[in-house]
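Chemist: A single structure is presented below for examination.
The values are calculated or read from the model by the stated rules, or taken from the named source; none is laboratory data. These numbers come from a predicted model, not from an experiment. Cβ placement follows ideal geometry from the backbone for every residue including glycine, while neighbour counts extend to all protein chains displayed. These area figures cover heavy atoms from the full protein model, side chains too; ligands, DNA and RNA do not enter into them. Shrake-Rupley method; radii C 1.70, N 1.55, O 1.52, S 1.80 Å.
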Amino acid sequence: MDIQTAKEVIDSFHEAKRVWERLPELPEGIVSSHITTLDAIMALSDEGKDVCVSDISSRMKLPRPGVTRTLNHMEELGLIRREGDPNDRRITHIRATGRGKELYRTYVEEYFTSLSQKMGNIDPADIRIMIDTIYAVSDALKEERDR
């Protein structure tokens, strides 16, 4: 890759950051990790699972301690509740509360429905190439940093 193209890659990431900054403002105390965690919880629930920390951790490809910290904060905010498994006291199930479900509806279902309509004229193959390329660049830069 030539230097000019490398510069354009970084410039496009800067533009992507501007797109990220246009996301709807979250309520006070709510951060994006709460929304992505709610998304994982709701998706797992829709699959018929009794959701546990390990399920969320696997789904999000994040370490359990970090997921547990996020869930603790979400519980303090009333977004989730923990329920013990009646058959195994070692297991705790995670459920979205009414407030958590409302945030999910507003910030995931409604927003991403709107976003998908706005991007409806972009070729899905181009979108897939963009996604795959961003992750490939990220992986390449991680490898560089880890050397």
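Chemist: Here are some conditions: (1) closer than 30 Å to Asp11 by Cα; (2) at pLDDT 95 or above. Leu141 meets all but one. Which one does it not meet?
Modeler: Of the numbered conditions (1) closer than 30 Å to Asp11 by Cα; (2) at pLDDT 95 or above, the odd one out for Leu141 is (2).
Chemist: Check Leu44, Leu79 and return the single one that is within 28 Å of Thr133 (Cα to Cα) and modelled with pLDDT of 95 or more.
Modeler: Values: Leu79 fails: within 28 Å of Thr133 (Cα to Cα).
The match here is Leu44.
Chemist: May I pose another question? If you check Thr133 against the conditions, is it over 29 Å from Ile30 (Cα atoms) and open to solvent by less than 80 Å² (accessible area, probe 1.4 Å)?
Modeler: Values: over 29 Å from Ile30 (Cα atoms): yes; open to solvent by less than 80 Å² (accessible area, probe 1.4 Å): yes.
Yes, satisfied.
Chemist: Let me ask you something else. So Ile127 clears everything in (1) without any contact (Cβ under 8 Å) to a residue 40 or more places away in the chain; (2) more than 15 Å from the chain's Cα centre (by Cα); (3) open to solvent by 50 Å² or more (accessible area, probe 1.4 Å) except one condition, right? Which one?
Modeler: Ile127 satisfies all of (1) without any contact (Cβ under 8 Å) to a residue 40 or more places away in the chain; (2) more than 15 Å from the chain's Cα centre (by Cα); (3) open to solvent by 50 Å² or more (accessible area, probe 1.4 Å) except (3).
Chemist: Shifting gears a bit: Could you tell me whether Leu62 is free of Cβ contacts under 8 Å to residues at least 40 places away in the same chain, touching an Asp or Glu at 6+ places or on another chain (Cβ under 9 Å) and within 30 Å of Thr133 (Cα to Cα)?
Modeler: Details: free of Cβ contacts under 8 Å to residues at least 40 places away in the same chain: yes; touching an Asp or Glu at 6+ places or on another chain (Cβ under 9 Å): no; within 30 Å of Thr133 (Cα to Cα): yes.
Spelling it out, it is not the case that Leu62 is free of Cβ contacts under 8 Å to residues at least 40 places away in the same chain, touching an Asp or Glu at 6+ places or on another chain (Cβ under 9 Å) and within 30 Å of Thr133 (Cα to Cα).
Chemist: Testing Tyr111 on (1) of a type outside the set (Asp, Glu); (2) modelled with pLDDT of 95 or more; (3) outside any strand (DSSP E or B), one condition comes back false. Which one is that?
Modeler: The single condition Tyr111 does not satisfy is (2).
Chemist: What residue, of Asp50, Asp39, is touching a strand residue (DSSP E or B) at 6+ places or on another chain (Cβ under 8 Å), of a type in the set (D, E, K, R) and closer than 17 Å to Arg95 by Cβ?
Modeler: Of the residues listed, the single one that is touching a strand residue (DSSP E or B) at 6+ places or on another chain (Cβ under 8 Å), of a type in the set (D, E, K, R) and closer than 17 Å to Arg95 by Cβ is Asp50.
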